[in-house]
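Written out below as structure tokens is the structure these notes cover.
The values are calculated or read from the model by the stated rules, or taken from the named source; none is laboratory data. Every value quoted in this text rests on a predicted model; they were computed, and no experiment measured them. Positions of Cβ are backbone-derived with ideal geometry, glycine not excepted, and every protein chain shown enters the neighbour counts.
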């Protein structure tokens, strides 16, 4: 009887591991999707496809007539961007920006297909238990919402007045993607990490959750930076255009800012807040790490100690890449991917790594 129980537990363990590996594949694919979104934004490609066709849109234009039709739609629907930035575009130029937006959408379709096929396979093989049903429902709902928010974001730039999408809706799209990423990662951790490797420490758990919330605010401001193209507004470091506190912020170019809008819409103010939050995040991560090292020994959980070290590493590397991105901001190009764009994309990638490392630590520190 004991041998049979051991065998059943071993089989159940193998099933959980198999589902966890599939979910981790999804995590990697979602990370790739976010990075493709970054490339799409940096190359100014996001408004090149002006229609929302989740199924039929998988096939790009197949002949010259179809390409000309798509180009004319772009001129008409994304007229603000076309007239103000891309009026000299040829069909060849349009094809270049179309590619990145199409690839971003195509990868989303592939991601959905991977999840659907995997779900169907594991369901048929009876690898799921009752506890997995609700998380999978949430997972598919989050995926559908992310697609809908993506189209709402694109639609915000399809008019004669705007040259880019709304930075607020860009931030929403970005944060929805990160929620989907973290939820999938958390689900995989529950199936992969044995409970005996986790540590019961309510105080550290709360500290880590607080860090995660603080990082989320920082990431929102990072999305504002991207949407407002705020890096070139202050391409200096450690000062902000020669001062350490922004001056004359109520006027910027032709804009006049009033009330709280200045905190979300003003390029230099957003830039200053993003930097300041980064410095504070470094201090908080170091305090958190010192506390964790004091309270958790290698003998208690070597895995937790390693993941904590990775959080510190990602934090400092993320700050370094942020500085390099700012200093290279004058090299920002329209619809090309050169030095500034590389630094910006790496900066985004490290932000994702830092986020996942903190999610891992939150999971490793049990509150009860």
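Assorted remarks:
- Pairs linking a residue in region 274-288 that is exposed (fewer than 13 other Cβ atoms within 10 Å of the Cβ) to a residue that is assigned to a helix (DSSP H, G or I), with Cβ atoms under 9 Å and 6 or more positions apart or on different chains, are 279/319; 280/214; 280/218; 287/207.
- The criterion of being free of Cβ contacts under 8 Å to residues at least 24 places away in the same chain and assigned to a loop (DSSP other than H, G, I, E, B) holds for residue 126.
- Once region 207-229 is narrowed to residues that are more than 21 Å from residue 320 (Cα to Cα) and modelled with pLDDT of 95 or more, the residue that is surrounded by the most Cβ atoms within 10 Å (Cβ to Cβ) is 208.
- Members of region 230-245 found to be touching a residue at least 12 places away in the same chain (Cβ under 8 Å) and exposed (fewer than 12 other Cβ atoms within 10 Å of the Cβ), listed by number: 245
- With respect to the conditions (1) over 23 Å from the mean Cα position of the chain (by Cα); (2) surrounded by fewer than 19 Cβ atoms within 10 Å (Cβ to Cβ); (3) assigned to a helix (DSSP H, G or I), residue 297 lacks only one, and its number is (3).
- Filter result for the condition that a residue is modelled with pLDDT under 90 and either in the same structural domain as residue 63 (by TED's automatic domain parsing) or under 20 Å from residue 349 (Cα atoms) (or both), over 103, 175, 153, 132: 132
- Just one of the numbered conditions (1) under 30 Å from residue 79 (Cβ atoms); (2) under 15 Å from the mean Cα position of the chain (by Cα); (3) surrounded by fewer than 19 Cβ atoms within 10 Å (Cβ to Cβ) is not true of residue 177: (3).
- Search result, residues across region 144-182 that are assigned to a loop (DSSP other than H, G, I, E, B) and within 20 Å of residue 217 (Cα to Cα): 166
Every residue, every condition in (1) touching a residue at least 12 places away in the same chain (Cβ under 8 Å); (2) touching a helix residue (DSSP H, G or I) at 6+ places or on another chain (Cβ under 9 Å), yes or no:
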site: 74; (1), (2): yes, yes
site: 85; (1), (2): yes, no
site: 92; (1), (2): no, no
site: 103; (1), (2): yes, yes
site: 112; (1), (2): yes, yes
site: 117; (1), (2): no, no
site: 121; (1), (2): no, yes
site: 138; (1), (2): yes, yes
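- Within the span defined as region 348-362, one or more residues are under 30 Å from residue 199 (Cβ atoms), outside the structural domain of residue 42 (by TED's automatic domain parsing), touching a residue at least 60 places away in the same chain (Cβ under 8 Å) and over 17 Å from the mean Cα position of the chain (by Cα).
- Summed over region 11-59, the residues that are under 22 Å from the mean Cα position of the chain (by Cα), over 23 Å from residue 148 (Cβ atoms) and either assigned to a helix (DSSP H, G or I) or modelled with pLDDT of 95 or more (or both) give a count of 7.
- From 292, 287, 304, residue being in contact with a strand residue (DSSP E or B) (Cβ under 6 Å, 6 or more places away or on another chain) and either in a loop (DSSP other than H, G, I, E, B) or within 14 Å of residue 208 (Cβ to Cβ) (or both): 304
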